[in-house]
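Each remark here refers to the structure printed beneath this line.
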Amino acid sequence: MAPMLLLIGFLIAGLELTDAQSVGVCYGKNGNNLPADGEVVDLYKSNGIGRMRIYDPDQTTLNALKGSNIELIIGILNNNLQALTDATAATNWVQNNIRNYSPDVKFKYIAVGNEVHPGDAEAQFVLPAMQNIHNAIVAANLQDQIKVSTAIDTTLLGTSYPPSAGSFSDAANSYISPIIKFLVSNGAPLLANIYPYFSYTNNPKDISLPYALFTSPGVVVTDGSLQYQNLFDALLDSLFSALEKAGAPNLQIVVSESGWPSEGGTAATVDNAGTYYKNLINHMKGGTPKKSGQAIETYLFAMFDENTKGGSEIEKHFGVFSPNKQPKYQISFG
């Protein structure tokens, strides 16, 4: 019996490792006081963070990731999309930023653009750039390892309440529908940035803080046979409903960003942010009411506070670590 027990022990250990790796953290570098990339990779490893998202192919970061076994989402900045509508440029991008580092770096997804909206000048370039990058990945015979996608936000939804009524807006439909078809045909997930914080602060009259923080004591929204106790589930399921209406009921969603600021705006406190991150990590393993029992691959935003980031003050305060590498919250990433 002993060898069998030993085998079971190894299997359990393996399951725990995989589970720990289900938490990702986004690594933004808009700060002038951040640790060196090698230190950052060590911080991921020492905290059991098995996945990382970066926003552009920073060579220093990629070199630091070699041999780390950290799974990576690598981004292409919106202002680089137009250039990649040229097939040769896309092939060169894949050579320089993927093939030169693979398999020493574990690339998982390429995010071609982040939160591009239908009215943006870059919107016309997203799909052609995705197609060219994908073709270059196929030519490199990496299509089974690396999936090409783009990251959207929930403003593309015209209707989000109740979750079963979720649908893309008329303006977004012509933009997102061909992208959805591309993802389905290539077995790639849709990346989505989900922020209950912004939904709450935009509509505090109708949305309670506990509903946004996963701390509601009971059901808040009943939608047919489904019951919602937190806003994260409701937002994600409204996106799943929109995908169903777009003809992609089985398309997977990876939550490529979700976070809560610790200062700089309404309800932006250390207590609230710590509560949100802790509850999100615990919650993502069990799925949503619509996709119950299916773990949600989720990336926390972000690793560090970023003191040079533009936009409103809250944008500087999403870090789960301070720049001195000390944790801001008592959370476990496993």
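The values are calculated or read from the model by the stated rules, or taken from the named source; none is laboratory data. Owing to the predicted nature of the structure, the values given are computational and were not obtained by experimental measurement. We place every Cβ from the backbone using ideal geometry, glycine too, and count neighbours over all the protein chains shown. Surface accessibility is based on the protein's heavy atoms, side chains included, excluding ligands, DNA and RNA. Shrake-Rupley method; radii C 1.70, N 1.55, O 1.52, S 1.80 Å.
Which value in deg cm²/dmol, rounded to the nearest 500, describes the helix-derived mean residue ellipticity at 222 nm for the chain, given -39,500 (n - 2.57) per DSSP H run of n ≥ 4 and division by the residue count?
Helix-only estimate at 222 nm: -11000 deg cm²/dmol.
State the Cα centre-to-centre distance between region 190-207 and region 270-285 in whole Å.
Comparing the Cα centres of region 190-207 and region 270-285, I get a distance of 15 Å.
Which peptide among 23-30, 325-332, 277-284 comes first, and what is the full order, when sorted by highest mean count of other Cβ atoms within 10 Å?
23-30, 277-284, 325-332
Count the net charge of all other residues whose Cβ sits under 13 Å from the Cβ of Val116, scoring Lys and Arg as +1 and Asp and Glu as -1.
-4
Would you grab the residues whose amide H sits under 5 Å from the one on Gly75? Only those 5+ places off in sequence or on another chain, please, with H modelled 1.01 Å from N.
HN-HN under 5 Å from Gly75: Ile54, Tyr55, Asp56, Ala111.
Is there a quick way to get the dipole size of the chain? I mean about its Cα centre, with the Cβ of Lys and Arg at +1 and of Asp and Glu at -1; what is the value in debye to the nearest 20?
540 debye
Quick one: which residues, 5+ away or cross-chain, put their amide H under 5 Å from the amide H of Val23? H built at 1.01 Å from N.
Gly50
How long are the semi-axes of the equivalent ellipsoid of the chain, taking √(5λ) for every eigenvalue λ of the Cα gyration tensor, in whole Å from largest down?
They are 28, 26, 22 Å, listed largest first.
Need the full-extension length gain, Val219 to Asn96, defined as separation in residues times 0.36 nm minus the C-alpha distance. One decimal, nm.
So the extension gain works out to 39.3 nm.
If we sort 44-50, 314-320 on the protection proxy, mean other Cβ atoms within 10 Å, highest first, what's the order?
314-320, 44-50
Where does the charge balance sit around Glu71 when Lys and Arg score +1, Asp and Glu -1, over other residues with C-beta under 9 Å from its C-beta?
Every neighbour counted, the sum reads +3.
Please compare each pair in Lys66/Lys285; Lys45/Lys108; Lys181/Lys291; Lys106/Lys285; Lys205/Lys328; Lys205/Lys309 to a cut-off of 26 Å on the Cα-Cα distance and tell me which ones are over it.
Lys66/Lys285; Lys205/Lys328; Lys205/Lys309
Restricting to the chain, what percent of DSSP beta bridges are antiparallel, rounded to 5?
If we restrict to bridges inside the chain, about 15 percent are antiparallel.
Quick check: at a probe of 1.4 Å, how many percent of the accessible area of region 239-334 sits on carbon and sulfur atoms?
44 percent
How much net charge surrounds Leu157 when only other residues with a Cβ under 14 Å from its Cβ are counted (Lys, Arg +1; Asp, Glu -1)?
Spelling it out: positives minus negatives among the neighbours equals -4.
So, with +1 on the Cβ of K and R and -1 on the Cβ of D and E, and no other charges, what is the size of the charge dipole of region 82-215 about its Cα centre, to the nearest 20 debye?
Roughly 320 debye for region 82-215.
Once you place label points 7 Å from the Cα toward the Cβ at Thr159 and Glu39, how far apart are they in nm?
Result: 5.2 nm between the two label points.
Report, in debye and to the nearest 20, how large the dipole of region 52-132 comes out about its Cα centre when Lys and Arg carry +1 and Asp and Glu carry -1 on their Cβ.
340 debye
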